[in-house]
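The structure appears right after this line, and notes come after that.
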Amino acid sequence: MRRLILCLLIWPALALAAAEPFQDGTAAYERKDYVRALQLLRPLADQGLSGAQYRVASMYANGEGVARDYAEAIRWYRKAADQGNAAAQSNLGTLYASGNGVAQNYAEAMKWYRKAAKEGDAYAQSNLGAMYALGMGTAQDQKQAAAWYRKAAAQGYAPAQYNLGIMYDKGKGVAQDDKQAVSWYRKAALQRLGAAQFSLGVMYSKGRGTARDDQQAMSWYQKAAAQGYAPAQFNLGVMYERGDGVAQDYAQAHKWFDLAAESAIPSESETRNLAVKNRDLVAAKMTSAQIAEAEKMKREWKPN
């Protein structure tokens, strides 16, 4: 009996012994001293501490203090995920979805997202919603997508709030409702999500779910444009060209169209093409001095 009691007392002692190095390792990670963080956390990960395994995995995934190694990240995420670590489960799902360090497998991604989502992980809930919305690894189901977005949105996760706004905007998985779309767009926009700020601006410009207000539309477009969001930069160009909610200003229009063409990502090719076309049309109405001023403003612009 005495031996059994002594054995039982060892486990709390081990947990207490691991607590301080884990806290020190986490602190080192947060101040970006990755070498020190790895020195402290790797031994704990080897001992089976799931929090340390998760952090070590993240360091390999992000190339923090070590060369980026997705295969090694997968190995450590799986160890933590198998112990029920929701953040590790969620990140493991992302690696399967992207095919980094492992063969791309949407069904496997769904499995790990679902495990983490059931534990309340907002990132996993949102990604699970996206998988249902797109029919990746599962049959497409907009109602399930909306349900999982809602769970993540209720926790304040901005991408889920934005996506739920889209569902209400388009009437996918929920009854179409402009006011609900505006409400969810606003929640995400207030967290500085550029796409949500842009979408909220669109709702104001069209008077959908709220009174039409060109100045509010411009304000939200400006917020998104300041982050380099090309569709918002394009819409600002249109507003300056037309004088909607602002004094007509061809130099500003030229600047924003030029920035939109430059900022557009590959999936925004239509925005890029329209921006180039509109920039050139505006340039035809401008003097050489005005064009030079527009180009100067564009060179001096910096995202924030």
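The values are calculated or read from the model by the stated rules, or taken from the named source; none is laboratory data. Note that the structure is predicted; figures quoted are calculated from it, not measured. Virtual Cβ from ideal backbone geometry, glycine too; neighbours counted across all protein chains shown.
Structure values in brief
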| read-out | value |
| --- | --- |
| Single residue of 103, 154 found to be under 20 Å from residue 73 (Cα atoms) and not charged (D, E, K, R) | 103 |
| For residue 275: the one exception among (1) out of contact with any Phe, Trp or Tyr (no Cβ under 6 Å at 6 or more places or on another chain); (2) more than 24 Å from residue 186 (Cβ to Cβ) | (1) |
| Selection from the range 88-109 of residues that are more than 19 Å from residue 121 (Cα to Cα) and of a type in the set (A, V, I, L, M, F, W, C) | 102, 103 |
| Any chance residue 160 is under 18 Å from the mean Cα position of the chain (by Cα), surrounded by 21 or more Cβ atoms within 10 Å (Cβ to Cβ) and either farther than 29 Å from residue 187 by Cα or of a type in the set (D, E, K, R) (or both) | no |
| Meets criteria (in the same structural domain as residue 98 (by TED's automatic domain parsing), closer than 25 Å to residue 98 by Cα and of a type outside the set (D, E, K, R)) for residue 65 | yes |
| When residues of the range 103-128 are limited to those that are among the aliphatic types (A, V, I, L, M) and surrounded by 17 or more Cβ atoms within 10 Å (Cβ to Cβ), the one farthest from residue 139 (Cα to Cα) | 122 |
| Wholly enclosed helices (runs of 4 or more DSSP H) of the range 14-120 bearing at least 2 residues in contact with a His (Cβ under 7 Å, 6 or more places away or on another chain) and either over 24 Å from residue 149 (Cβ atoms) or modelled with pLDDT of 95 or more (or both) | none |
| Subset tally (residues that are aliphatic (A, V, I, L, M) and surrounded by 23 or more Cβ atoms within 10 Å (Cβ to Cβ)) for the range 64-102 | 6 |
| Spans of helices (runs of 4 or more DSSP H) in the range 174-255 with at least 1 residues under 21 Å from residue 274 (Cα atoms) and at pLDDT 95 or above | 194-206, 214-225, 230-242 |
| Odd one out for residue 143, checked against (1) surrounded by fewer than 16 Cβ atoms within 10 Å (Cβ to Cβ); (2) at pLDDT 95 or above; (3) outside any helix (DSSP H, G or I) | (3) |
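To keep it simple, each residue is scored yes or no on (1) among the aliphatic types (A, V, I, L, M); (2) within 27 Å of the chain's Cα centre (by Cα); (3) exposed (fewer than 15 other Cβ atoms within 10 Å of the Cβ); (4) under 26 Å from residue 160 (Cα atoms).
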position: 200; (1), (2), (3), (4): yes, yes, no, yes
position: 204; (1), (2), (3), (4): no, yes, no, yes
position: 210; (1), (2), (3), (4): no, yes, no, yes
position: 232; (1), (2), (3), (4): yes, yes, no, yes
position: 242; (1), (2), (3), (4): no, no, yes, no
position: 257; (1), (2), (3), (4): no, yes, no, no
position: 276; (1), (2), (3), (4): yes, no, no, no
position: 290; (1), (2), (3), (4): no, no, no, no
position: 294; (1), (2), (3), (4): yes, no, no, no
